[in-house]
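In what follows, a structure is listed as structure tokens, so that the remarks can point back to it.
The values are calculated or read from the model by the stated rules, or taken from the named source; none is laboratory data. Because the structure is predicted, anything quoted here is derived from the model rather than measured. FYI the Cβ positions are ideal-geometry reconstructions off the backbone, even for glycines, and counts take in every protein chain you see. With ligands, DNA and RNA removed, areas are computed over all heavy atoms of the protein, side chains included. Shrake-Rupley method; radii C 1.70, N 1.55, O 1.52, S 1.80 Å.
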Amino acid sequence: MTKLIVDGKEIDVPAEYTLLQACEAAGAEIPRFCYHERLSIAGNCRMCLVEVKGGPKPVASCAWGVRDCRPGPKGEPPEISTRSPMVKKAREGVMEFLLINHPLDCPICDQGGECDLQDQAMGYGVDTSRFAENKRAVEDKYLGALVKTSMNRCIQCTRCVRFAAEVCGVPEMGATGRGEDMEITTYLETALTSELQGNLVDICPVGALTSKPYAFAARPWELDKTQSIDVMDAVGSAIRIDTRGREVMRILPRVNEAVNEEWISDKTRHVVDGLRTQRLDRPYIRENGQLRAASWSEAFAAIAAKAGRIDGKRIGAIAGDLAAVEEMFALKDLLAKCGSVNLATQGSDGFDPKAGRASYIFNPGIAGIDQADALLIVGSNPRKEAAVLNARIRKRWRSGALKIGVIGAKTDLTYDYDYLGAGTDSLGDLAAGKHSFADVLKGANKPLALVGAGVASRHDGAAVFALAAKLAVDFGALKDGWNGFGVLHNAASRVGALDIGFAANASGLSAAEMTTFGTLDVLFLLGADEIKVPDGTFVVYIGTHGDRGAHRADVILPGAAYTEKQGLYVNTEGRVQMANRAAFPPGDAREDWAVIRALSDVLGKKLPYDSLGALRQAIFKAAPHLMRVDQIEAGNAADIKTLAAKGGSVEKAPFKAAIEDFYLTNPIARASAIMAECSRLASGQMLTAAE
């Protein structure tokens, strides 16, 4: 630790701190534009100037290290002033320079009310300017469907350039020209291709980069703000949902160092318009091959007429990717009262909840990636399945402390890796030490084996998990204080479903068996749309959108989206999270658990809870760890050794991508015009502004 005196206050800070960090540790406020805690230091804007005692001029605190400060003549600690007349005059001068070319756009700028330049001009600037010259004009750039540009406002802080190169790993932005002719642009004016590009809007300190879909929609002071979590993938990013009246206007990230830091994916941020379109707002019944609107009582009566007279073993339920724990638990209870144990979630037939929690969660934790020194990715594409987690892997890789090997489809993951092969035979070769990467894993202190949840949808999914677990055990991934076996899920509902036993077991049917012709008479789809149901099965669809599941349904019961209900979710690392209601479902739609509870009454199988609180008490009794929100119930490493011992025969087929199109993975995303445009751009159908 190093002693410093900041504004007369003596503090101890680590020697690797910058002066900016040291001053903030002492409680001083340092203005900045180019500096960002998660990006490299550029030192462009000079707004963070401070005075170092004995120095002839102010210094940029973001680029000046604590270890570079000299002690006084008698060995006294270096003295830093953040409020001296020199600093005040210097900051006013910097602000005056920054505003020379900045247009007077505040009344119509989308950043108004959330603009760092606006705030700091008020706090550190002066009310006059000595410059009467014409302001420069810069042509706006085309960056794609998500980021709108107004480059006259750009102050060349280069945050966007550094973010694209360092965090996204897609260095598509740069600066051209020098001095007054300097411009931030993309190469050849093509659309940005990163799945994290929406974060550029958050880090831009002025109004040069704003949200194109949200442009001129609302002002920040008009909006009600609700803290919640994201369900577009299994990471469980912390988000803030901004609403005006009944309408969700935008979704922004919240800081959560353990999960998403302060980033969210573009799908998380811009799926908002999908919450408004193609919504199911009333029940429907299929008559003579056509769906017609019906009342709740008619819909329930139609289900009772079909389900009331059949054997419970010929009834099943499949949950979709966005289902909360509450509705899955209620549906499981309802089927149990009907005499059925045919339960499954989409794409999870390879998981066995009885094998223990460690067998299906990301045991090292998302933050644990920061400690890993070797990573083996099996049958997964983290960039598409969990874009924010992929950025975390890239962050660790950039530190130089992480070596990565991949078995599966060869693709651009934004970081370098050793490609070991496409199929299960490569796993066997690695276990036999035929790849040099085996030595990397053996020599690592904290190796990590990341297995994609897409593996679970294979016929030999259980055997592949067993083989991957054996690899993890053999290469020393299980140690005191470190469990390096992790499953990366791509669906927000899956870990919660496995926790409450909403999964295929020995006496029940798997999802594949339930969708085989002639197996079931009645099938409940709880927001499950990636399921092909054969003819002859009576389908009850409980969901939010007129998507694939609704098109196949015989009865549709409208439910609530994740922004319209309170619900428990469990992310891929096993962290229990709470989604909060920010708006209300449209029309006659109701919360899913309430729909199931009302249906149980009509079926004569009344469920023993009438409120969300009573339902949660039943859930907590069955799975006590679910009451500990934002905590992780750690898995038992012995379960992984048991899983490794199971073995099984594996097929030689190569691993297939679990997600083909990042932007169109669920009903909400498929209803979004913005996601559809992003999908077209990603597929190369709309490449440049000219096209």
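One table, with the values for the structure above:
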item	result
Qualifying position, being part of a helix (DSSP H, G or I) and in contact with a Pro (Cβ under 6 Å, 6 or more places away or on another chain), among Leu430, Leu471, Leu441	Leu441
Subset tally (residues that are hydrophobic (A, V, I, L, M, F, W, C) and without any contact (Cβ under 8 Å) to a residue 12 or more places away in the chain) for region 14-41	0
Region 275-291: number of residues that are among the charged types (D, E, K, R), open to solvent by 60 Å² or more (accessible area, probe 1.4 Å) and either in contact with a strand residue (DSSP E or B) (Cβ under 8 Å, 6 or more places away or on another chain) or touching a residue at least 24 places away in the same chain (Cβ under 8 Å) (or both)	3
Region 216-270, residues that are over 16 Å from Ala583 (Cα atoms) and in a strand (DSSP E or B)	Ala238, Pro253, Asn256, Glu261
Residue that is most open to solvent (accessible area, probe 1.4 Å), among those in region 78-107 that are within 19 Å of Leu19 (Cβ to Cβ) and assigned to a loop (DSSP other than H, G, I, E, B)	Arg83
Conditions (1) within 24 Å of Leu39 (Cβ to Cβ); (2) not in a helix (DSSP H, G or I): number failed by Trp397	(2)
Any hit, region 189-200, residues being open to solvent by 30 Å² or more (accessible area, probe 1.4 Å) and either part of a strand (DSSP E or B) or of a type in the set (Val, Ile, Thr) (or both)	yes
Unique match (being open to solvent by 20 Å² or more (accessible area, probe 1.4 Å) and either assigned to a loop (DSSP other than H, G, I, E, B) or touching a Ser or Thr at 6+ places or on another chain (Cβ under 9 Å) (or both)) among Ala657, Ala676	Ala657
Residue within region 292-308 that is of a type in the set (A, V, I, L, M), open to solvent by less than 10 Å² (accessible area, probe 1.4 Å) and at negative phi present	yes
Criterion: out of contact with any Phe, Trp or Tyr (no Cβ under 8 Å at 6 or more places or on another chain) and either closer than 24 Å to Ile30 by Cβ or surrounded by 15 or more Cβ atoms within 10 Å (Cβ to Cβ) (or both) - qualifying residue of Asp110, Asp127, Asp116	Asp127
Glu180 farther than 29 Å from Ile264 by Cβ, in contact (Cβ under 8 Å) with a residue 40 or more places away in the chain and not in a loop (DSSP other than H, G, I, E, B)	yes
Residues being of a type in the set (Lys, Arg), modelled with pLDDT under 90 and either part of a helix (DSSP H, G or I) or crowded, with 18+ Cβ neighbours inside 10 Å (or both) - total across region 18-77	1
Verdict on Leu607 being assigned to a helix (DSSP H, G or I), open to solvent by less than 30 Å² (accessible area, probe 1.4 Å), aliphatic (A, V, I, L, M) and touching a residue at least 40 places away in the same chain (Cβ under 8 Å)	no
Members of region 237-257 found to be more than 21 Å from Glu222 (Cα to Cα), over 9 Å from the mean Cα position of the chain (by Cα) and either open to solvent by less than 30 Å² (accessible area, probe 1.4 Å) or without any contact (Cβ under 8 Å) to a residue 40 or more places away in the chain (or both), listed by number	Val255, Asn256
